[in-house]
Every structure is written in C-alpha cells, then in structure tokens.
Amino acid sequence: TMVQTFRKQVNPEVIVSSLLNIFQKADLSKDGKWYVCVLERAVKILVKEKILKEKKELLDATVMQLLPFMTITNANSKSSDWKMAVCLSESDLCSLHPLLKGWPEALEEAIKSTESAELVGVANEKMILLLSGNLTSGDPLLLLQMVDDLILVAETESDSVGQKVTTHIIGSVLVQCCCNTQMKENYFPVAIRVFRFLDKKIKNLRTYEPEEVRCNSGVPMHLLCLNYSLCFLEESWWNPESLNQSSQDYLHLLLGLFDLLVSGASEGSDALQYRALMNLLFKVHLKDSEVLFKFLSILWTYSYNLSNQLNYEVSAMLQTQALYIGYALLESQTNQKKKKLLSPSSPVVISLLINLGSPVSEVRRAALNCLHSLRGIKDSLFHPVLHHLEEKTEEIVSDPTYIAQIMGTLFEELETQPKQKSQKKKLLEALENILDCVQNPIFPSYIARNLLKILHEIHGEMVLSHLLPVLDRLLEKVSKKPEEMLKDEVILLHLILGKFNEYSATLLCKNQQSLDLFIKSLHADKKIYEEIPAFQITALGQITKPFFAAVSDGMVQQKLLKVLFDLLLNCKNPLCAQTISSVFKGVSVCAEQIVRELEPPKKTKSPATVQQTRREKMQQQRKPQDAELAPETNHFSWQRVMLILELLQHKKKLRRPQALVPALFNLLSRCLEPMASEEENMEYTKQLILSCLLNICQKLSSDGSKVPAVILDKEKFNVELIVQCIRISKMPQTHHHALLLLGAVAGMFPDKVLHNIMPIFTFMGANVLRLDDTYTFQVINKTVQMVIPALIQAEDSDLSESSGGVEEVVIKIIRVFVDALPHVPEHRRLPILSQLITTVGGDKFLWVLLVLLFEQYVTKTVTATSSTDKDAVLEADTEFWISICCEFNVRSQFQSVMKIIQYLTELPENKEEVVDALSLAVFKTKPKNQDGQLFNVESHSDKQLRHFKFLSVSFMSQLLSSQSFVKKIVEYEGREELQELEQRLLEEVLHYINTVASSVEGNVDKPTAKFWRVLLSKCYDMLDKVNALLPTETFIPVIGGLMMNQLPSVRRKAMDLLNNKVQQRTKWQKSQVRQRELVPELIAIVKCRRKEEEEEQAINRQTALFSLKLLCKGFGTENPAPFVPVLKTAIDLISSEKEEKNVMGSALLCIAEVTCTLKAQAIPQLPRLMPALLKTLKNKKELVSNEIYLLSAITALLKVAETLPHFLSPYLLECLLQVVRLEKIVAEFGPSSQISVRVSTLKTILATRLAPRILLPAVTKCYKASRPKFGSNCLGPLMNILKEHIAGMEKEHLISHQPELTAFFMKVLDFRTEHAEDDLEEVGKIEAYIIDCLISMVMKLSEASFRPLFFKLFDWSKTEATLRDRLLTFHRIADCIADKLKGLFTLFAGHLVKPFAETLNQVNISKTDEAFFDSDNNTEKSCLLLQFTVDCLHKLFLFDTQKFLSKERAETLMQPLVDQLENVLGGDEKFQERVTAHLIPCIAQFSVAMADDSLWKPLNYQILLKTRHNSPKVRFAALLALIEVAQKLKENYLVLLPESIPFLAELMEDECEEVEQQCQKTIQQLEVILGEPLQSYF
C-alpha cells in the first residue's frame, strides 16, 4: 500500500533512478541479506514500471546498469551473485529489451547441460554469442547507440568481479560484431568505435598492467582480417579531402592500427608479437608496394592538414616512425621500383620534399634520409634537386626555413648561372613537375599549400602561368561555393596571389587570363575564415610600387587603376578602403592616367529651340529607365571623382602632375555650375579640387618661384575661376583652400593674381577675418605671406605700370584689414596685422596702418561708442596700437613716427584751405580713388580732421613713453644708428611744433584757438618723450638752439626739457654744460624783459631760474664758478622793488640753491644778499598774500643761515627780529604746513649753529628792540631759540656766560611786573616761555651754581614791597623748579617755609581784609599766587625723601594750610576748584610727609574743627579733606577715628542736605578704608 501511495506522489523516472541507485550501493559479496530484503523486491517493482515500456532511453539505461549483475561470476547456486543473476534473467526485463532477447532460455540451458565447475565459462560464452547475435540482427538504426552504451558500461571503473567480467564480455561481443560479415552500412562506424575502445584499453594495460597485455592483445587483432573493397586504392594520390566517408573511416582505422602496432613493436616485451602483427597488417591491407607508399605518404604529410577529414591526429613521433619505416622500405626496393617511385605520378618525392620544411628537426632528418636513398636514380626528373639537397643536409636539419632558400637558389640559377642546356632543361622540368602537382586537382590542397611554401622564393612568369589553372579553380569555388572552401585551400589561394609580384608582373601584359584572374581576385571580398584576411586584401597588397612599375603596358596600368577606383567607390569594408589608399599612395602613377579617370563625359549640346527643349523633357519623362540603365552616360559620378581626389591629396609619386591642372579646372568649373550645386552639396568637392591644385603648385614650385611656360602654361591656370569659387561659396573651409591656392599661384604667376587681388582681400575682410579658429588664422597668414610678396616682386618687374600702383594696392589691402578689424576676434587682431605689415614691410607701411587705424577711430569708433565708454575704448585701442608697433624693430617704429609727423605737416590747417589736391597726395602720384588715400580731407569734416591730428600726436607721445618701446631701445645694439634716428625724430618733432605754433598764432581769434593750444601742448608732451630718449651728446646742443628760438613758448619748452633731463639723470658729463654755456643763456633769459609779452616772459624767467637752480644742484658742487653770476643776477632781481613776485619767488629759491652750492664763494655777495633778503621779509602784506613767495623767502634765508651761519653776525639781530615776527604769520598755516616746518628749521639753525658769544648779545638786543616794534608776542619765539641754544651749550660756555644769562633773566622776569595791568592769561603765556627757558638753564647747573641763582631770585622777589608781582613770578618759578628737580629741591626749599606760610595767611580773606596786590585785579592775582604756593608745597611734600618736613616746619605750615579751607577767595567756583584740585591733595600729602601720629592728631582736629564752620561749603570742603587724609593714612587713621566720630555724628544731622549726604558718603568710605563698620557709632 505504501509503495502504491509513493508511486502516485513521485515521478516514475525518479522511482526508476532511485531503484537503480540501490543496485549501485549493493555489495552482494559482503552481505547476502541485501538480496533477500531489498534487491529482489526492487527488481519486481522496477519491471512493473510502465515507463520502461514507454521510454526506450530509460530502458536502455536500466539494462546497461543492471548488466554487471546478470553475468555469472560464481557457480554456487546459494550465493547472492547467483541468485541475483537468476532473478534478473527470470524477470520480464529480458523480454522488454532486444539485446537480452533469449537470455533466460540460454542461461537455463547452460545450467542444465553444464557441470558447476565449468558453468561460469559456458554461461558467459553463451552470453557473448547471444549479445553479439542480438546486436547484429537487430535494428541497424539502433546499433551504433547500443555499441556506444556498451562501451560506456565497459569503460566504467570498478574493483568488483562482476564489472570486470562484464567489461571482458562486452569487448568480446564488440569484436564478434566486427567479424560479422552481415554488417555493411554500419561496419566502419562500429569498427572505429570498437577500435578506439580496444586501443584505449591496450594503452591503459600497457601503462599500468604490462603482464596482462599479452593475454588481452589478441582481442583487436580480428580487425587485421578486415577485407573491404575500396575504389580509391588504385588512385595515384590518396586525397583525404575528396574521399567518401567509408574511405575516410577505412584510412582512419589503418592509421590507428599502424600507430598501435608501431608503438608496440618499438618497445616492450611483446615487440616481436607486434612486429608479427605489423607484417600481417602489411600482408592483408598494404600488400602492394605502391599502396604501401601511398599509405606512408598519408602518414608523412597528414599532420599538415588543417581540416583533418580523417578525424585523426598524426603525431610528430608517428610521422618520424613512418619516415624511418619508409626509409627502410626504400632501401630495400630495387632500382626499378625506385624509379617508379620517383615518377611524377608517385606521391613519395613530393611528400618527402614537404617534410623538409617541417618545424621538427627529426622529421626533416628522416625525410632527408628517405630522399638520400633515392639519389642513385640519375635519370629521374628530380635527380638535380635531390643532388642539390644532399649537399645541404646539415643546413636543412638545422633550419626549417632553409629549404625555401635552397629551392630559390637552385631555380634562380636557371636565369643567372651559365649551365648546360640539358641541366637547365632538367631543372626546368623538375620545377614544372612540382608546379603541376600544385595545380593538379587530385593533389590534396594541404600538399599544394606546403609545396608553395617551399617554393616561396621562386618567382617569375613561368611559375605564375603554371599556377593560373588552380587560381582559376579556387576563385571559381570562392565565388560559387565559398562555404565548401577548406582552410588549406584558402591559404593556398593567398600563397598563389603572392606570386603576383614585380618578377611576374609582365605576364599581365602578355596573358589576358592572368590579368582577368588578378582583377577577379581584387573583387573577391568575402572573408571565408575570420582569422584569415579576404583575398581582396592580399591581392591589393601585391600592387606595390615595383609591381606597378613592372607592368609595362600603360593600358594595363590604367585598367588596374580603374579597378582600384571602382573598388573604392563600391567597397563597404574600411580595411579595403584603407588598403587601396595605401596601394595608391605607394605606386608611381602618371598624371595622364588619373586625368582619364577624372574626365567627365562630354556635355550634351543644349537644345537650340524651345520645341527641342520640350521634346527632350518628354523623352526624359517617358524613359526614366534608360537613365537608370546608363548612369555613366547621363549622370557624372561625383562620388568617384571625390574618392580619386581624396587619394590625390597625399599622393607624392605622381609623374607630370601639371597634366592634371586643366582637368581639375574643368571639374571646378562643373562644380560652379548651378545644376551641380542644386543636385548635391559640392563644397567638399571644391575643397578637394583646390587642395589638389595647391599640391600640384607646391610640387612644381617648392620655393614659390615662377614656373617656366614649358612645364605649365599660365593660361591653363584659371585664377578667375578660383576667385569665383571664393565669391560663390559660403563655406569657410572652401575659402581657406582657395586662399591658400591663390597664395601659391601668386609666386608662380604674380600678374594673374595681381589683376584679381582686390576681390580676394575684400572677401577676406568681409568673411574670413571674422572666423575664430586656428586653421583660419593659418590660412590668413599663409595667404598674406604668399600673395603680397608676389605683388612686391611684381613691382620690380615690367608687369606693373608703376610702383605707385602696387603701393596703392597695398594701401587698399591694409584698409581692407583695418575695416574688418572690429569684426576680427580680439586675440587674433595683433597676429594678423603684424603678419600683414611684416609681409609688406614694416619700414614702408607700418605708418600707413597706424594712420588708417587713427582714421577708423575718428570716423567710425567715436560715432559708435557712447560718451561714457569713450575713454575706456580709446585706452584699449591705444594699447593695441602700441602692441602692433612693438612687434617691429626700433628703426621701423622711428621711421613710422617720422612719416606720420611728415604726413600731419602736409595736411592742411583747416578743411577750407584745401586749394590743391596734390598737397593731399600721400605718394608721388595722386591716387585715383578714395581707397588709395589715407585720410581724405574732402570726404571728412573739419572736426574729424582736427580729431585725427590730435589723436595722431597723442598716440605718438604715448608710444614713445611706453614700456615696450623703451625696452626695445634698451635692447637695440646699433647705437650710432639709434642716435641718428633720435636726432632725425627730434628735428621732425620740432619742425612740427613750429608748424603748430604758427597755427596757434594764426588762429588766436578763431573758435579753434583752444584746439591749437591743446595740440601744441600735446606736441610739447611728445617732445618730452623724445627728450627722455635722447642721449646727452645730442641733447645739449639741441636745447641750446631751442633756447634761442624766437617763440617764447618754444624757449620755455626747451627749458622744461632741460629741467626734466637734469632731474632724471644722476650722472652727466659736466663739461657739456660749460661747453654749450647753458648758464649764460639762461641768465640772459632771466634778465630779458619784453613789455608786449610780459606774462609769457614772467613764466619763462621763472622757468629759467628753475633751470639754473637744477643745474646748480646737479653740477655746482664740483664746478661752482659759473654759478656766481647766477647769484648776482638773482640778488639783482630781489633787490628790485618793481619785480613780479612770482619771479622773485623763483629767484629766492635759486638763491637758496646757489648759496648752498657755492658755500664760501657766496660770502662776497652777503652784503648785497642779506639786506635784500631781509627786506623782502619785512613786507608783511605781500608775504601773507602770497604763500609761495613767503615760502621761497623763508627757504632762501634758511639755506643762507644753514650754509654760512658764521658770517651772519652783522645781520643776526635783523634775522632774529624777522624770525620772531614770522612766527605769528606762520601760525595761521598750521604746525604741519611746509612754511611752519621751514621756520622751525630756521630757528633751530640759529639756535644751534651760532656761538653763545654771538647769539646771546643778539638775543638781548632783540628783546629790547622787538618789544617796542612787535609787542610782547615776539618773546615766545625768542625764548624758544634761547632755550634750544642753552640746551646745546657746553658746560664751560654755560659757566662763563652764566652771569650774562642771569642778568638777562632778571631783566626778562620783570615782564609780569612791567605788564601788571595787562591780561593775566596773555602775560602768563609769555611768562611760561621765559620760565621754561630759565628752567632749561637751571637743569644744566650744578648745585653750587644753582644755589646762589635761586637765592638771588628769592631776594629779587622781596626787594621791593611795592613790586608784589615779582612774588607771583617767583612762586611760579619755585613750583616749576620743584617739578623738575623733584627731591633735590628740598635742599634749597628750607627758606621758603615761613615765607610761604606768611603768604598763605596774607591771602586768606578769612583772616585779613587787606588786598595783597595794589591793583584792580588783586583777587585774580591772589588766587594765582595761592595756587602756585599750594602746588609748590604739594610737590615738596610729594618728593620729600630726606625728612624735609620737620615738626617745626609742619607746625608752621599746618594752620595756614588748614585755614585755607575757609578761604573763599575768588568766589564759590574758584574756591571749589582750588580746594579740590590743589588744596586737599596738598593737605593729604602733607599728612603723609609728616609721618608722625603726634602731628596727625592736631592736623585731624583742625580739619574737624572746620566741619563746624558756619558756611556749608567750608564744612563740605572739610569732609573732603578728611576723607582724603584718611585715604592717604589708611589703617593709621584708626587712632584718629575716636575724635572724628562726634564731629561726624553732628554732621549727620547737618542742616545742609548736601553736607549730610557727603557725611554719609564719608562714613561709608571710611568703613571701606579701615575695614570696620562705623554705623554702630552713630
């Protein structure tokens, strides 16, 4: 039930497969239970499966797998093997399969009739007979499949006895089948399968079990008895390629048997048996010697067969063994037999010759041995060949390729060696015989292929003619049955095509078949095998330069060319096209042959009438098929022409190329016809034609020179057609080709190009120049380089009417380029124009380009540019123009500038003044049209003319100063030439300046006056630039001449040039200034005065003075003598009262410089100079109104004082007076102004460069003299001078002059007393200068020197009671000295304590009502005095380190100081300011200086008492003083706190709210200072 269920669920094939797997796993010899339990049941299930009846393949697999279990291996009927075999035989399996038909009965009969001892052998023999019988009698269609299945079972590897017995039985069955004569159709297929199986078994046995070989080797020997009639055995060659399948199988078996027997006979213990079998093989199958050698020939050569029709591999070992067997057989043959073997019909010699090219050396050796054995037959055809080979044995053995060389050498002797006719004839016959073997269809193609290999180096007509039949046959097969082509045949065909070479090429002219076959091969484009190229490619490869040249017949060459071009037209294979291109490039062709291919059919005549036209149209409509059938006649193949032209592009080996010219122009003409353009795009064709024409030109004239008419008539060169091509075409590439061609033609036929030159360049300007690519750029350059030189060349010949005509054309060309410039890409403009001008000549035409560029800017650019962008556009254009100029050398640029200036000079002043057209001509002859002129005045406005002139001059000025131009001048090596150019340029510039200057004078009253002035200024600017370039040698005489010019403006400009030059150069040749006497000339200008040109002359005189100043600065130091007159002249100028102030200012500056330079030589002039100079400084009104004049005067005085300070004593007082006076004037300009700096420097010089003995008396006198003249304000500057002088004095001088200084200060310090009623602030300022000066002296004194001075001042302050102002001054001095001396002042201040205390009491209004000063401003003075006194005491206390403040002094000062808290002198504001800023800091520092708590208490108490004062301000001040003292004493104030608290408590309830608040602040601050809370005390 379970099995049934399983069957329903599982695929029947899986069940069968699973059951068979059980059998595979079973081992009956080890476990008999397997039979009982499993296998018997499995067989029953298996047999019942319906699928076995339905699927034959499954049944076959089942039977083959169970066959080992059906063999009888054990006679014991109780054994598992026996039971299994019987079980299977009794099952229905035997009835299902035809192979086992009758097996149950046969087994039963064997069991019954045989004893148990012999049962195994009898049963198996019966099985062999039964199976073999069933196989042969069964269905022939199934036979091969059963044989394959049986072999598969027999080849299964297993250690079981059943499997081994089964293998033996199957082998016997298969052999029995082969011996059965009933099989016919399947005999050879079965025999081959059986042989392979047995051969494999024998080889395995020989390798692994050599002892068993003997007992098994008889198994395949039945095959030797094979007797089968085959028709091919009688043929002279056994050709595997042409045999039928049976013959191929037979040969396969023979080869296999031979291989098996030879290998067995050569070694091993059974060699003798194998040799006997070998004899048997020979007797049965190869009995006849001819048949034997045919078989051996197969063995010798079959390894070269690439197609392997026999499906058998002949190894090099077998090949060698066969050759040695052949050698043994040949040695044993009679001469008669040998002669037969040497006949052409025998394959022996040919087969052996092929082996001489074998890659295996042992094969070659064995083949040579065979051939040597045949050498005795002298009358054979091959004797000369064999004899020659015998001599080269070693070489052939060593080198596999040597045989080809030997054969080549041997048959080459037919032509070269003078041999006898009989020898030549024999050699020729031998070669023909070998070649006949190649062409004979019965010879295998692999034999023919290898024969041609060894004949590789043999060439000639004879060889090729013998190979034509086989070539014809193979090409026919290629065209009709390409799929049947063998690989050997394909290679053979390639080798035969290789024989078409220069040695055999003449045959093409003699033998039409050879030409036809070669052309046929050229059309054989089909690729048979992927790895082998098409025959077409090989054939094309044979058309080499020598081959084509060897084809002597021009018509044959023409035919080959035609075929090549046709192939190229129709081929779709890129490799073919590439090969044709290479072939055409390599061969040498005559141009006439190309012309025939290019010539179009003759044009049909155009119909004469309308009726004829209609009739032709009707005919064309009716017969469209005619046009299709005859495209050659009705339609010209432009594609073919294009392909030929493409090939011509790179064709170098072309004879008589000029013959192509008419044909190419004819084609170009057809291209330009409207019909051709409509049909297809002809641009590419035009380009090809033009390119071919260019190549021809380059071939005929490589250097661009003229071509003789004998070579090429210029009439054949249709330049007009090229120009027409340019005009009609819209393609840039076509334009490029045409322009390049024209460039080439220009050198060859300049007159033809000259007549068409303007259309060419006009077109370039309109089209080509606008393109932006490198190729276009190269085309433009090439055209310019080639066309224009031809024109210039034509200028010298008789072709042109005059040189002016050529120049006019060149100008037109340049104008074309200039007009096109706005449309040219920016980065291309400079290279194009520079190339153009380089070609036409920079010296001659650079200026023309510049003038045309200026004209374009003036007439077109200005109008097209917005007003905001004009400056930027002009700047960019100018930079571009400069960059163009700098592409050329210095000479060209100089000449161009000079020519532009000349041209500007020739132009009329205004348009209205054009009276004669000849004056406008640029050249000798007047141009007929406007394009030949540069700037046509008639066609432009007056404004444009002026703009043109201005732009030209501006540009030249910028060019001359440009960095690029200057760099070129620096790098220029021709110094003499450069100097000459500069001199000529300067002359031209000056000449033009005169022209413009006269125009300025002539147009003064006209609206254009301003323009002419500006233009003149620009001309001067240009002159400056030229001046900068001039060497000194040229510069000096030129300037000298200019300074004597009649025009003031020219003279001024000359001086400006001189000034610039002097300022720029650091080193000059000083002699040149003297030689040319520039100084006297300049002095003459300074002295000259003309009333009618007063303003102009003033400027000139100033310039001259400036020039003298610069010359003096540059050259006066080493040669001062010439400048003494300059100083005299300048002094005369400043002495004059009527002189113009600007001129005087320049004179003063000149004086400053000359004096500085002359030094001692200027001393004699001081008596005149100083009074005049000081006189100019006295006129305050003029000085203030003219700042530059003031600065000049101060500079002059400064330089004189700086240069000659020791000679100023007679004028020192006046100098000091002017300096102190200037201080007030200068104050208006500010401290950083140039005037202030110069005055400060002058003061310093006076203070530091003069001796005290000179200066001090002068200062004293100045003090006396200045006060009545200039008032008190002059004291400040004077004191500053004295202060600086004292600071610089040496100690000895100070000591010696101290009395004088003391006396001076005593006098000066009375200033306050003398001005007691003046404004206190002003007096205080002046007194500050005095005290500051005094302090500078004090700081340089020793203690011994200072003490008497101090006490003298102290006494001075108390001498007169009425002069209390002195006390104010002294207290201020004391304060300042204390500030400077700091701690040292305590040494002298002891005497000041009591007086200061008295003074404090005297000015305290709380103590006295008397006024301290007897004046109206007593209060202000008292406040000042109080301030100075308190400040002085504060500094004493502050810097006290020597216990200056003793108890006595402290008690003296304590009460007066504290009482000042209630001194409200000066009012509330003054009191508040004095208390906070001066008094309280002083009291606080006073407490610190005491450093004694015994004194602190009374001080603190006195301050506390002031807190009970009636005035809240005093109480407030007392609180401030209290807290300030506490801050100074810090924690030391704790001892004073108890007595302070009651006072503070009172103030906490003060009636004044401000005092109360301040008290609270005070308590808080005390808490912070002392670090203890105080609120608990209140």
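The values are calculated or read from the model by the stated rules, or taken from the named source; none is laboratory data. Remember, predicted model here, so these are calculated numbers, not experimental data. Positions of Cβ are generated from backbone atoms using ideal geometry, with glycine treated the same way; all protein chains shown enter the neighbour counts. Each accessible area value is taken on the protein alone, full model and side chains, heavy atoms only, with ligands, DNA and RNA left out. Shrake-Rupley method; radii C 1.70, N 1.55, O 1.52, S 1.80 Å.
A few remarks follow.
- Condition check for K1199: touching a Cys at 6+ places or on another chain (Cβ under 6 Å) and closer than 16 Å to G1145 by Cα: yes
- Count of segment 1119-1140 residues, restricted to those that are assigned to a loop (DSSP other than H, G, I, E, B) and farther than 18 Å from V1200 by Cα, is 6.
- From the list L310, L329, L306, the one residue that fits, being of a type outside the set (G, A, S) and not in a loop (DSSP other than H, G, I, E, B), is L329.
- Within segment 1401-1456, the set of residues being surrounded by 15 or more Cβ atoms within 10 Å (Cβ to Cβ), under 19 Å from H1315 (Cβ atoms) and among the acidic types (D, E) comprises just one member, E1420.
- Among the residues here, S1185 does not qualify as modelled with pLDDT of 80 or more and open to solvent by 10 Å² or more (accessible area, probe 1.4 Å).
- For segment 354-372, residues that are over 60 Å from the mean Cα position of the chain (by Cα) and closer than 17 Å to L455 by Cα total 4.
- Of the residues making up segment 834-876, those that are open to solvent by 40 Å² or more (accessible area, probe 1.4 Å), of a type in the set (D, E) and part of a helix (DSSP H, G or I) are D843, D871, E875.
- Condition check for G765 on (1) at pLDDT below 70; (2) more than 18 Å from I832 (Cβ to Cβ); (3) within 37 Å of the chain's Cα centre (by Cα): one failure, at (2).
- Scanning segment 320-346 for residues that are open to solvent by 10 Å² or more (accessible area, probe 1.4 Å) and in contact with a Phe, Trp or Tyr (Cβ under 8 Å, 6 or more places away or on another chain) returns L329, L341, S346.
- A single entry from V745, V816 fulfils the requirement of being at pLDDT 70 or above, part of a helix (DSSP H, G or I) and open to solvent by 10 Å² or more (accessible area, probe 1.4 Å): V816.
- Of all residues in segment 934-979 being among the β-branched types (V, I, T) and under 43 Å from the mean Cα position of the chain (by Cα), the one that is farthest from L1016 (Cα to Cα): V970
- Restricting segment 1138-1182 to residues that are over 23 Å from P1120 (Cβ atoms) and either among the aliphatic types (A, V, I, L, M) or open to solvent by less than 20 Å² (accessible area, probe 1.4 Å) (or both), the residue that is modelled with the lowest pLDDT: E1139
- Residue satisfying all of: in segment 373-406; under 60 Å from the mean Cα position of the chain (by Cα) and within 20 Å of L427 (Cβ to Cβ); surrounded by the most Cβ atoms within 10 Å (Cβ to Cβ) among these: I403
- Neighbours by Cβ (under 6 Å, 6+ apart or cross-chain): first from segment 322-341, at pLDDT 85 or above; second surrounded by fewer than 19 Cβ atoms within 10 Å (Cβ to Cβ) and assigned to a helix (DSSP H, G or I): Y327/N369
- Conditions (1) in contact with a helix residue (DSSP H, G or I) (Cβ under 8 Å, 6 or more places away or on another chain); (2) in contact (Cβ under 8 Å) with a residue 24 or more places away in the chain; (3) open to solvent by 10 Å² or more (accessible area, probe 1.4 Å): number failed by T1359: (2)
- Subset tally (residues that are outside any helix (DSSP H, G or I) and among the basic types (K, R)) for segment 1433-1474: 1
- Restricting attention to segment 702-722, the residues that are open to solvent by 10 Å² or more (accessible area, probe 1.4 Å) and at pLDDT 75 or above total 3.
- Any hit, segment 1506-1513, residues being within 18 Å of E1451 (Cα to Cα) and buried (at least 19 other Cβ atoms within 10 Å of the Cβ): yes
- Residues of segment 1525-1543 that are out of contact with any Ser or Thr (no Cβ under 7 Å at 6 or more places or on another chain) and either without any contact (Cβ under 8 Å) to a residue 12 or more places away in the chain or surrounded by 21 or more Cβ atoms within 10 Å (Cβ to Cβ) (or both): A1526, Y1533, L1536, P1538, S1540, P1542.
- Qualifying residue in segment 498-514 (condition: among the acidic types (D, E), open to solvent by less than 20 Å² (accessible area, probe 1.4 Å) and either over 25 Å from E241 (Cα atoms) or part of a helix (DSSP H, G or I) (or both)): no
- Test: residue in segment 1190-1199 that is part of a helix (DSSP H, G or I) and at positive phi: no
- So P1031, is it of a type outside the set (S, T, Y) and open to solvent by less than 70 Å² (accessible area, probe 1.4 Å): yes
- Of the listed requirements (1) open to solvent by less than 20 Å² (accessible area, probe 1.4 Å); (2) under 22 Å from E1554 (Cα atoms); (3) not charged (D, E, K, R), T1476 misses just one: (1).
- All conditions in (1) on the phi > 0 side of the Ramachandran plot; (2) at pLDDT 80 or above hold for G268, with the sole exception of (2).
- Among the residues of segment 344-385, just one is at pLDDT below 80, under 20 Å from T301 (Cα atoms) and either outside any loop (DSSP other than H, G, I, E, B) or in contact with a Ser or Thr (Cβ under 8 Å, 6 or more places away or on another chain) (or both), namely S345.
- Boolean, A430 is part of a loop (DSSP other than H, G, I, E, B), crowded, with 20+ Cβ neighbours inside 10 Å and not β-branched (V, I, T): no
- Of the helices (runs of 4 or more DSSP H) lying entirely inside segment 1-117, the ones with 3 or more residues being under 30 Å from V147 (Cβ atoms) and modelled with pLDDT of 70 or more are found at 12-25, 40-48, 56-70, 80-90, 93-96, 103-113.
- Among the residues making up segment 1102-1137, those that are within 60 Å of the chain's Cα centre (by Cα), open to solvent by 10 Å² or more (accessible area, probe 1.4 Å) and not aromatic (F, W, Y) are Q1102, T1103, K1109, L1110, K1113, G1114, T1117, E1118.
- Residues in segment 1314-1357 that are of a type in the set (D, E, K, R) and within 25 Å of H1293 (Cα to Cα): D1332, K1340, E1343, R1347, K1352.
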